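To start, the structure under review is shown below, and the notes come after it.
The values are calculated or read from the model by the stated rules, or taken from the named source; none is laboratory data. If you're wondering where the values come from, they're calculated on a predicted model, not measured in any experiment. Note that each Cβ is placed from the backbone with ideal geometry, even for glycine, and that neighbours are counted across all protein chains shown. We work out accessible area using only protein heavy atoms, side chains counted, and drop any ligands, DNA or RNA first. Shrake-Rupley method; radii C 1.70, N 1.55, O 1.52, S 1.80 Å.
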Amino acid sequence: MNPTPHLSAADRAHAIVLAVGSMLVCAYWVAFFRTDLTLPKVVHNMTNPSVAHLATVYLGFESAFPLADLLVAVTSALAALYLVGRDAKAVLFGLVASGALGFLAFIDISFNLLHGFYAPHNLLKDGGLQLEALINIACVTGAIWSIWRLWSHPLRRAEDRPSMVGKSELGFDTAPR
Amino acid sequence: MSIGLPVACMIAALAVGLVTETGARLFNLWRYRSPGYLVINILVMFVLIQGYGVGWVIGGRHAMRGIFPVLFMVGAVVGILFEGVNEHWLHAWSWSDRPILGVTRSIDKAAVVGVAWGLAPLATVMLARLMIGASLKA
C-alpha cells in the first residue's frame with residue numbers, strides 16, 4: 001500500500017475550513033429551528049398585515065433551504081475527509097460543495113435585496129439581518145476561495161489512490177505506464 | 001405507562017445502534033480494535049450524540065416533514081467527521097475486505113458509512129415517536 005503523502009499546512013487549513021463550515025451549516029439550522037437568533041425582527045411583527053405577509057414569504061423561503069444545505073454540508077464534510085487523506089475525490093466534493101454554497105448564497109442575497117431586507121435602515125438595526133449578511137459574505141468568499149484553491153490543486157490531476165489502479169470494469173487498463 | 005420523548009429517543013438510538021452493530025458483525029463489515037470501543041461507539045455516538053443530541057434536541061418538537069433534512073444533515077456531518085477521525089487518527093475500528101455497496105477502498109467506506117450515519121437520527125426519531133404512540137395507547 002502506498003503511504004499517504006504529506007498534508008501541507010494550507011491543505012490542513014482548507015480541511016479545517018471545510019469541516020468547520022459543514023458544522024456551521026448544521027449549527028445554523030439547529031439555531032433556526034430552536035431559537036430566534038437567526039430570524040429578522042420582521043418575523044416577530046405579525047400584527048401589521050403587510051409585514052405579516054412579508055414574514056410568511058420569508059419563512060417559506062427559508063424553509064426551502066435545509067434540503068439544499070444538506071448537499072452543501074455533506075459534500076463539505078466529505079471534501080474534508082478526502083483532503084486529509086490526500087485523495088483526488090477531495091477536489092470533486094470540494095467543487096460540488098463550493099459551487100452549491102455560492103449558488104445558495106446568491107439566491108439568498110438576491111431574495112434579501114429584492115425584498116428590501118438589506119436596505120441600510122433595516123440592516124443597521126436588526127441583529128438577525130446582520131447575521132444573515134455576515135453569513136452571505138462568508139459563503140460567497142469561502143466558495144470563491146475554495147474553488148480557486150481546488151482548481152489549482154495537484155490532486156485535481158491525480159488518480160484515485162491504490163485500489164483504482166489496474167483493470168477497469170470495462171476492461172481498460174488504467175495502470176500507470 | 002407513558003415515556004418522555006428524550007428517553008424514547010435514547011432507547012430508540014440504543015436499538016438502532018445494536019441492530020447496526022449486530023448487522024455489521026454478521027456480515028463482517030468492520031471490526032473493533034477492542035470491545036471497549038464497540039461499547040463506547042454505541043453509548044456515545046448512537047445513544048448520546050445521535051439519539052439525545054440530534055434526535056431529541058433537533059427532532060423533538062417539529063413535524064418530520066419539515067425537520068428531516070436537518071436530522072439527516074447533522075447526523076451525516078457528525079458521522080463523516082467521526083469516520084474521518086477514526087480513519088486518519090483514532091483507528092478504533094478497521095474495515096474488512098468485504099465491499100460495502102460495491103465500495104472497496106478504506107477511505108471510500110468511511111465516506112459511505114459516514115453519510116449513512118445520517119439515517120441514524122431519522123430512524124431514531126421515527127422509532128421514538130412510535131414508542132411514544134404505543135406507550136400512550138397502553
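Per-structure values
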item	result
Dipole of chain B [Lys/Arg +1, Asp/Glu -1 at C-beta], most positive-end residue of B:Met126, B:Leu14, B:Gly75	B:Met126
CD proxy at 222 nm, helix term only [per DSSP H run n ≥ 4: -39500 (n - 2.57); per residue of chain A; nearest 500]	-22500 deg cm²/dmol
Accessible surface, 1.4 Å probe, highest first, among residues B:Arg61, B:Arg98, B:Arg25	B:Arg25, B:Arg61, B:Arg98
Area accessible to solvent at A:Val42, 1.4 Å probe radius, in Å²	30 Å²
Kyte-Doolittle mean at least 0.5, axial Cα span of 20 Å or more - DSSP H helices of chain B	B:5-26, B:64-85, B:119-137
Accessible surface of A:Thr38 - all protein chains present, 1.4 Å probe, nearest 10 Å²	0 Å²
Selection from A:Ala80, A:Thr56, B:Ile107, by position along the positive dipole direction of the protein assembly as shown (Cβ)	B:Ile107
Theoretical FRET efficiency, 1/(1+(r/R0)^6), r = Cβ-Cβ of B:Ser94 and A:Ser152, R0 25 Å, to 0.05	0.15
A:Ile109, B:Ile107, reordered so the largest accessible area comes first (probe 1.4 Å)	A:Ile109, B:Ile107
Cubic angstrom per residue, convex hull over Cα atoms of the protein assembly as shown	169 Å³
Average beta-carbon neighbours from other chains, 10 Å sphere, peptide B:122-129	0
Estimated FRET transfer efficiency when R0 is 25 angstrom, pair A:Thr35-B:Val112 (beta carbons, to 0.05)	0.15
Gap separating the Cα centres of segment B:110-138 and segment A:109-132, nearest whole Å	38 Å
List A:His6, A:His115, A:His53, B:His91, ordered by accessible area with a 1.4 Å probe, largest first	A:His6, A:His53, B:His91, A:His115
Furthest towards positive pole of dipole, B:Ile49, A:Phe103, A:Leu155, structure part the protein assembly as shown, Cβ charges	B:Ile49
Debye, to nearest 20: dipole size of the protein assembly as shown, +1 on Lys, Arg Cβ, -1 on Asp, Glu Cβ	420 debye
Extended-chain gain in nm, criterion 0.36 nm per residue less alpha-carbon gap, A:Arg12 and A:Leu134	41.5 nm
Charge dipole magnitude, Cβ of K and R +1, D and E -1 - chain A, Cα centre, debye nearest 20	420 debye
For A:78-91, mean number of other protein chain Cβ atoms within 10 Å	4
Accessible surface of A:Lys125 - all protein chains present, 1.4 Å probe, nearest 10 Å²	130 Å²
Sites A:Val20 and A:Asn45, calculated FRET efficiency, Cβ-Cβ separation with R0 51 Å, nearest 0.05	0.90
Cα→Cβ-extended label distance, 7 Å offset, between A:Leu67 and B:Phe27, nm	2.7 nm
Gaussian network model of chain A, springs between alpha carbon atoms under 10 Å - residue of A:Asp69, A:Asp87, A:Asp36 with greatest fluctuation	A:Asp36
For chain A, alpha-carbon Rg over 2.2 N^0.38 Å	1.31
Angle in degrees between helix A:9-34 and the longest Cα principal axis of chain A, rounded to the nearest 10	40 degrees
Shielding by partners - mean other protein chain Cβ count within 10 Å, residues of A:61-72	3
Globularity ratio of segment B:5-137, using Cα Rg and 2.2 N^0.38 Å	1.05
Pairwise label distance in nanometres, B:Ile3 with A:Phe106, each label 7 Å out on the Cα-Cβ vector	5.0 nm
